[in-house]
1. Taking GLY131 and the conditions (1) touching a residue at least 24 places away in the same chain (Cβ under 8 Å); (2) over 23 Å from THR30 (Cβ atoms); (3) buried (at least 16 other Cβ atoms within 10 Å of the Cβ), which numbered condition does it fall short on, given that it satisfies the others?
2. Do you know which residues across region 94-125 are touching a Gly at 6+ places or on another chain (Cβ under 8 Å) and within 21 Å of VAL59 (Cα to Cα)?
3. Limited to region 58-105, what total is found for residues that are part of a loop (DSSP other than H, G, I, E, B), on the phi < 0 side of the Ramachandran plot and without any contact (Cβ under 8 Å) to a residue 24 or more places away in the chain?
4. Among the residues of region 24-33, is any outside any loop (DSSP other than H, G, I, E, B), modelled with pLDDT of 95 or more and in contact with a Leu (Cβ under 6 Å, 6 or more places away or on another chain)?
5. Starting from residues that are modelled with pLDDT of 90 or more and of a type in the set (A, V, I, L, M), keep the ones in region 126-145 and report whichever is nearest to THR106 (Cα to Cα).
6. Would you please name the residue that is nearest to VAL33 (Cα to Cα), looking only at residues in region 99-111 that are crowded, with 16+ Cβ neighbours inside 10 Å and either in contact with a helix residue (DSSP H, G or I) (Cβ under 6 Å, 6 or more places away or on another chain) or modelled with pLDDT of 95 or more (or both)?
Amino acid sequence: MKKSLLVVIAAMVTLTAFAMHRQKEKNKATEIVSLSMRRTACFGHCPDYIVTLNKGGNVSYTGIMFVQDSGVYEKNLGTMQVQQMLDRFEAYRIDTCQANYPTRITDIPGIVYTIQYADNHTQRIMNANFGPYFLKDMAKQIDDFVKVDNTWKGPSYSPVYNK
């Protein structure tokens, strides 16, 4: 009787440990460590830029064309603030989005997301304008979150240029 009870307890402990390990691996597969959002150009004067958020709080802005701030700018906005933004994407289950949302409109600027996960796989979402609403809404939130000013390190705010 004691041996049977010990076998059952050992089996339960093993199954629990296996389930915890599997959940940890599953969480790692959906944990975002960095996210880039690119707003692409159109046939007119649509701003073309890239914003990259890293889990450690570092944010970079690369102004490409038709933007107020051209070049690469960097700033640490704080781990907690950036993690909250990344957590919103995880809560929306961005990992379940399609790779491409088709459009028949040739002159509309696009939103392209590139997501790097903790298990080292990368996901890319093209034409997020035409995907689930939250993709477009989160792009606006990132735009509001990242405003380049003189506190950012970049080409026009370098100490060499400000002397």
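The values are calculated or read from the model by the stated rules, or taken from the named source; none is laboratory data. Everything numeric here is computed off the predicted structure, so don't read it as measured data. All Cβ positions, even for glycine, are placed from backbone atoms using ideal geometry, and neighbour counts span all protein chains on display.
1. Failed condition: (2).
2. Result: ILE125, single match.
3. 3
4. yes
5. Across region 126-145, the extreme among qualifying residues is MET126.
6. Looking at the filtered set, the residue picked out is ILE111.
Residues checked against (1) under 13 Å from the mean Cα position of the chain (by Cα); (2) not β-branched (Val, Ile, Thr):
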| position | (1), (2) |
| --- | --- |
| PHE89 | yes, yes |
| ILE105 | no, no |
| GLY110 | no, yes |
| ILE115 | yes, no |
| ASP119 | no, yes |
| GLN123 | yes, yes |
| PHE130 | no, yes |
| LEU135 | yes, yes |
| ASN150 | no, yes |
